[in-house]
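The values are calculated or read from the model by the stated rules, or taken from the named source; none is laboratory data. The model shown is predicted, which means the values in this text are computed figures rather than measured ones. When we count neighbours, we look across all protein chains shown, and the Cβ atoms used for this are built from the backbone with ideal geometry, even at glycine. In case anyone asks, the SASA skips ligands and DNA or RNA and just uses the protein heavy atoms, side chains included. Shrake-Rupley method; radii C 1.70, N 1.55, O 1.52, S 1.80 Å.
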Amino acid sequence: MWDYSEKVKDHFFHPRNAKIVEGANAVGDVGSIVCGDALRLMLKINPETEVIEDAGFQTFGCGSAIASSSALTEMIKGMKLEDALKITNKDIADYLDGLPPEKMHCSVMGREALDAAAANYRGESYESAHADSPLVCKCFGVDEAHIVRAIRENHLTTVQDVTNYTKAGGACGSCHEKIEEIIERTLREMANDEAASAEKDRSRTGEASEKAVPETPRELSAAERIKAEADAEIRALEEQMQRVREEAQAKIARAQEEARRRDEQLRAAKEEELRKAAEVSETADEGPVNENVPFYAEVVRVINDMKVALAQDGGSVELKKVTSEKVYVELSGSCVGCMMTDMTLSWIQQQIMEAVGHYVQVINTAAPAPLFPE
Amino acid sequence: MTTEKKRVYLDNNATTRTDPLVYQSMIPFFTEFYGNPSSMHDFGTPVREAMEEARHKVAQFIGAEHDDEIIFTGCATESDNTALESAVLANPDRPEIITTAVEHPAIMQTCARLEKRGIRVHYLHVDGHGRLDLDEYRSLLSDRVAIVSVMWANNETGNIYPVKEMAEMAREHGIQFHTDAVQAMGKIPVNVGDSCIDMLSFSGHKLHAPKGVGVLYLRRNTRFRPFMKGGHQEKGRRAGTENTPYIVGLGTACDLAALHLPEVDVRIRELRDRLQFGILREVPNCFVTGDIENRTANTVNIAFEYVEGEAILLKFNELGIAASTGSACSSGSLEPSYVMRAMNIPFTAAHGTVRFSLSRFTTEEEVDYVVEKVPEVIRELREYSPYWKQGKPAMSTFDPEYKGSLGKNS
């Protein structure tokens with residue numbers, strides 16, 4: 001059920017002036033049974049003063065249609081006709097403390113009945129402007145006819161445009177698909193209209209003028225202009241996207257190059273460091289080397305065991321040099337570049353320390369693997 | 001509103017009261033048995049067992065041959081969407097759908113979406129009483145059709161459609177047959193086992209189970225593509241953790257519905273007829289829409305001429321009576337119910353259609369209260385109507401196309 005204000009409910013359940021006015025001299029009939037709401041407004045206007053002395057209504061319709069009719073009669077009773085005609089449909093809705101957006105047309109119907117009654121009083125004819133156009137945007141109460149008109153008059157092509165011009169679609173967004181359909185249909189209709197009128201122009205100007213008038217670039221029609229603009233916009237966007245893509249690719253290439261360079265520097269530095277360390281140890285290690293180291297045999301045995309173990313994973317280890325404090329090895333095979341290299345080293349160190357019974361340092365002389373394998 | 005205001009709920013085709021027994025059966029699955037039915041541990045196991053028991057009850061209720069033909073979903077709308085989308089995806093060489101002009105929006109709008117994707121949808125016409133023309137149906141059957149979807153019973157009129165016969169005809173052409181049985185469940189016997197129906201949708205909340213649980217029956221060996229992806233639940237046919245408390249409730253509701261089916265057919269039918277004839281006797285210019293001979297026992301749709309449905313409902317609500325209308329003004333569109341328009345109900349009446357739908361909780365006293373109140377409401381609204389004068393329609397004296405002529409009414 002709708003969220004009606006207390007005032008709407010009051011006017012629905014206790015309608016004022018729901019009656020036939022005897023001696024009415026201004027009667028306004030609007031709406032139709034097909035649409036589901038219709039209203040007859042009956043006024044008794046004093047011909048001398050033009051004051052509305054009595055007002056009554058009969059309404060076929062929903063709760064808010066009956067409430068709007070009731071409110072209208074209350075508002076205009078005692079008013080001069082010209083003042084009454086200044087009332088807008090929004091005034092009627094405000095009088096009722098607001099109507100749901102879907103129901104605003106009920107207040108419009110009331111306003112139209114007043115126009116119709118005034119026309120009737122003055123002996124004029126009245127053309128209803130009450131369009132039964134489906135509501136598209138419920139948040140702002142915008143109907144399809146309104147959107148179509150805005151599209152046609154302002155050459156709108158996107159939902160955003162429509163929102164800017166009509167507010168439709170500016171809130172919850174649930175009508176965007178519907179608006180897109182309306183835009184598409186309206187633009188198509190406009191293009192057809194243009195084509196038809198161009199056709200007519202051509203046939204009207206006829207062959208006689210065709211020869212006389214030199215070929216001048218025809219001014220583009222509205223629809224063609226829109227299409228041309230849209231095409232240009234699409235092309236511009238595509239170009240822009242291409243540029244962005246190229247820029248991004250260049251950036252990635254630069255970053256990769258930079259990383260490779262830094263990696264090479266690191267490798268060179270590390271190799272240099274190792275080389276120096278080896279030199280230093282060769283010169284600084286005063287003590288005995290290899291066979292002369294008392295625990296050389298144990299180290300060789302451990303390394304040979306390790307070879308067997310590492311071979312299972314496709315790796316290998318080579319004993320390079322043994323001093324009384326340090327054991328130089330070179331890890332190779334799958335050990336190169338393996339994330340577990342450090343663990344493998346400390347494992348070897350552990351095994352050697354257990355075998356010899358005291359601390360020794362194990363150093364890998366193999367160069368680290370490149371971060372970016374070619 | 002006074003506190004002892006009378007409340008009569010005659011809108012059971014919209015939703016039903018959850019049976020207290022159903023509610024009772026659900027409670028342990030909120031409190032004690034909260035495990036995930038897919039879990040291997042002891043928290044999941046009893047939940048899974050209860051869910052499978054519920055599945056068995058549902059299968060029994062609709063006469064499914066195998067329990068695993070029951071897929072639990074979130075609602076019948078989801079089941080309807082799944083059925084149509086699946087059939088289209090699973091039968092890419094069949095680009096057509098047959099349905100009716102009076103389906104629920106869950107079918108109508110899914111069809112509209114499929115139409116945008118290039119599927120051709122045939123909407124079977126109905127006559128003035130909402131009945132289908134099976135010759136028209138036969139003429140549309142071909143090996144280009146992926147699926148036929150026809151509701152078992154209509155929500156607005158209660159009309160029952162010959163789905164079993166239509167399913168047999170579809171099978172001759174290798175066409176999948178789906179039925180939206182939401183409004184049939186618990187009102188007429190539904191047995192898919194001895195039919196050619198491949199898929200059937202229904203929801204719990206029209207059956208005295210709570211909202212938020214539905215079923216898609218899927219006959220074994222029916223080509224199927226899941227709609228919801230993302231998990232192995234329901235044998236990979238509907239991803240998403242099962243709503244176990246509600247599924248258990250639905251199982252109970254199906255048991256109860258089977259138990260109450262004879263009551264609906266006898267006692268509720270009598271009450272419905274009492275309501276219908278009570279109103280027809282007391283209110284001039286009104287008539288029953290739909291197929292009086294062949295409709296669900298709980299539903300009556302009455303068209304009141306020269307009054308508008310929303311205004312009727314507002315008045316009803318003030319009297320504590322809940323019903324529903326096909327009037328445009330209650331839905332936000334400008335046109336009255338498409339079901340009424342498909343049946344060519346004249347505009348003088350289409351705006352004033354009111355659906356009363358009963359349930360096993362409806363009492364004789366409630367029906368009598370409504371019969372007592374309705375004539376007054378209609379009389380009052382007609383008094384305001386320019387189409388009504390001194391107890392009679394007055395169409396000829398009110399025509400807004402008419403312009404000018406002073407004081408024609410004075």
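Tabulated data
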quantity	calculated
Enumerated strands (runs of 3 or more DSSP E) restricted to segment B:160-231, each holding at least 2 residues that are among the aliphatic types (A, V, I, L, M) and in contact (Cβ under 8 Å) with a residue 60 or more places away in the chain	B:199-203, B:214-218
Enumerated helices (runs of 4 or more DSSP H) restricted to segment A:41-148, each holding at least 2 residues that are at pLDDT below 95 and touching a strand residue (DSSP E or B) at 6+ places or on another chain (Cβ under 7 Å)	A:63-76, A:81-84, A:104-121
Long-range neighbours under 6 Å by Cβ, at least six apart or interchain, first residue on the phi > 0 side of the Ramachandran plot within segment A:330-344, second not in a loop (DSSP other than H, G, I, E, B)	A:333/A:315; A:333/A:316
From the options B:193, B:158, B:128, residue that is among the small types (Gly, Ala, Ser) and in contact with a Lys or Arg (Cβ under 9 Å, 6 or more places away or on another chain)	B:158
Condition met for residue B:290 (touching a His at 6+ places or on another chain (Cβ under 8 Å) and buried (at least 24 other Cβ atoms within 10 Å of the Cβ))	yes
Segment A:149-158: number of residues that are in contact with a helix residue (DSSP H, G or I) (Cβ under 8 Å, 6 or more places away or on another chain) and within 27 Å of residue A:98 (Cβ to Cβ)	1
So residue A:72, is it farther than 25 Å from residue A:139 by Cβ, surrounded by 24 or more Cβ atoms within 10 Å (Cβ to Cβ) and more than 9 Å from every other protein chain (Cβ to nearest Cβ)	yes
Selection from segment B:75-118 of residues that are surrounded by 19 or more Cβ atoms within 10 Å (Cβ to Cβ), assigned to a loop (DSSP other than H, G, I, E, B) and not acidic (Asp, Glu)	B:75, B:91, B:94, B:102, B:104
Residue list for segment A:75-115, restricted to those being small (Gly, Ala, Ser) and open to solvent by 10 Å² or more (accessible area, probe 1.4 Å)	A:78, A:98
Per-region count, segment A:14-36, residues at the interface with chain B (Cβ under 7 Å from one of its Cβ atoms), on the phi < 0 side of the Ramachandran plot and under 53 Å from the mean Cα position of the chain (by Cα)	9
Spans of strands (runs of 3 or more DSSP E) in segment A:290-374 with at least 2 residues open to solvent by 30 Å² or more (accessible area, probe 1.4 Å), of a type in the set (Gly, Ala, Ser) and modelled with pLDDT of 85 or more	none
Flag if residue B:363 is open to solvent by 20 Å² or more (accessible area, probe 1.4 Å), modelled with pLDDT of 90 or more and in the same structural domain as residue B:285 (by TED's automatic domain parsing)	yes
Hits in segment A:7-35 - residues which are in contact with an Asp or Glu (Cβ under 6 Å, 6 or more places away or on another chain) and more than 18 Å from residue A:116 (Cβ to Cβ)	A:7, A:16
Unmet criterion (only one of (1) within 14 Å of chain A (Cβ to nearest Cβ); (2) open to solvent by 10 Å² or more (accessible area, probe 1.4 Å)) for residue B:235	(1)
Any hit, segment B:64-74, residues being open to solvent by less than 30 Å² (accessible area, probe 1.4 Å), in a loop (DSSP other than H, G, I, E, B) and in contact (Cβ under 8 Å) with a residue 24 or more places away in the chain	yes
Residue match in segment B:122-143 (condition: modelled with pLDDT of 95 or more, buried (at least 21 other Cβ atoms within 10 Å of the Cβ) and in a loop (DSSP other than H, G, I, E, B))	yes
Checking residue B:240 against (1) of a type outside the set (Val, Ile, Thr); (2) on the phi < 0 side of the Ramachandran plot; (3) more than 14 Å from chain A (Cβ to nearest Cβ), the condition it does not meet	(2)
Qualifying positions in segment A:38-63 - charged (D, E, K, R) and at the interface with chain B (Cβ under 7 Å from one of its Cβ atoms)	A:40
Residue A:258 free of Cβ contacts under 8 Å to residues at least 40 places away in the same chain, in a helix (DSSP H, G or I) and farther than 30 Å from residue A:350 by Cβ	yes
So residue B:148, is it crowded, with 24+ Cβ neighbours inside 10 Å, in contact with a helix residue (DSSP H, G or I) (Cβ under 8 Å, 6 or more places away or on another chain), not charged (D, E, K, R) and not in a loop (DSSP other than H, G, I, E, B)	yes
Those helices (runs of 4 or more DSSP H) lying entirely in segment B:273-369 with at least 1 residues within 14 Å of chain A (Cβ to nearest Cβ) and over 18 Å from the mean Cα position of the chain (by Cα)	B:309-318, B:347-350
Any chance residue A:27 is buried (at least 22 other Cβ atoms within 10 Å of the Cβ), over 14 Å from residue B:311 (Cβ atoms) and in contact (Cβ under 8 Å) with a residue 24 or more places away in the chain	yes
Single match in A:303, A:348 (criterion: among the β-branched types (Val, Ile, Thr), under 60 Å from the mean Cα position of the chain (by Cα) and farther than 21 Å from residue A:271 by Cα)	A:348
Answer residue from segment B:159-205, given it is over 22 Å from residue B:55 (Cβ atoms) and of a type in the set (Gly, Ala, Ser) and is surrounded by the fewest Cβ atoms within 10 Å (Cβ to Cβ) among those	B:174
From B:211, B:164, residue being within 15 Å of the chain's Cα centre (by Cα) and farther than 17 Å from residue B:67 by Cβ	B:211
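Residue by residue, here is whether (1) of a type in the set (A, V, I, L, M); (2) assigned by TED's automatic domain parsing to the domain that holds residue B:337; (3) on the phi > 0 side of the Ramachandran plot holds:
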site	(1), (2), (3)
B:24	no, no, no
B:64	yes, no, no
B:70	yes, no, no
B:77	no, no, no
B:81	no, no, no
B:88	yes, no, no
B:96	no, no, no
B:114	yes, no, no
B:118	no, no, yes
